[in-house]
Amino acid sequence: MAGYAWIISVVGNVITLVGAFWTARAVILTKQQADAISSVPFGGTNPRHAAALLDQSKAAEHGLYLVVFGTALQILREFVEHLCS
């Protein structure tokens, strides 16, 4: 039964890793995208809003990459425990 728990744990961590990586790649904005998103109803743009969007995108990307790294370490731990036991 312990083998099944190990497999379930590794598969769950791999799913988390892939999901976090996929999401991190999706939140990356280019300057052009931020400019387009930050346009106001009158047709102008708000440069401060675009910069805030870029900062938010970068912060989300970094946070999700930390989740990817942490999950990868959990997977590594599972393999080490499994191979050393």
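Each residue in the range 3-27 was checked for being in contact (Cβ under 8 Å) with a residue 12 or more places away in the chain and more than 10 Å from the chain's Cα centre (by Cα), and 5 pass. Residues in the range 9-41 that are more than 30 Å from Leu73 (Cβ to Cβ) and assigned to a helix (DSSP H, G or I): Lys31, Gln32, Gln33, Ala34, Asp35, Ala36, Ile37.
When you check Ala36 against the structure, is it at pLDDT 75 or above and either within 24 Å of Thr16 (Cα to Cα) or within 15 Å of the chain's Cα centre (by Cα) (or both), yes or no? The answer is no for Ala36.
The values are calculated or read from the model by the stated rules, or taken from the named source; none is laboratory data. Treat the numbers as computed from the prediction; the structure is a model and nothing was measured. When we count neighbours, we look across all protein chains shown, and the Cβ atoms used for this are built from the backbone with ideal geometry, even at glycine.
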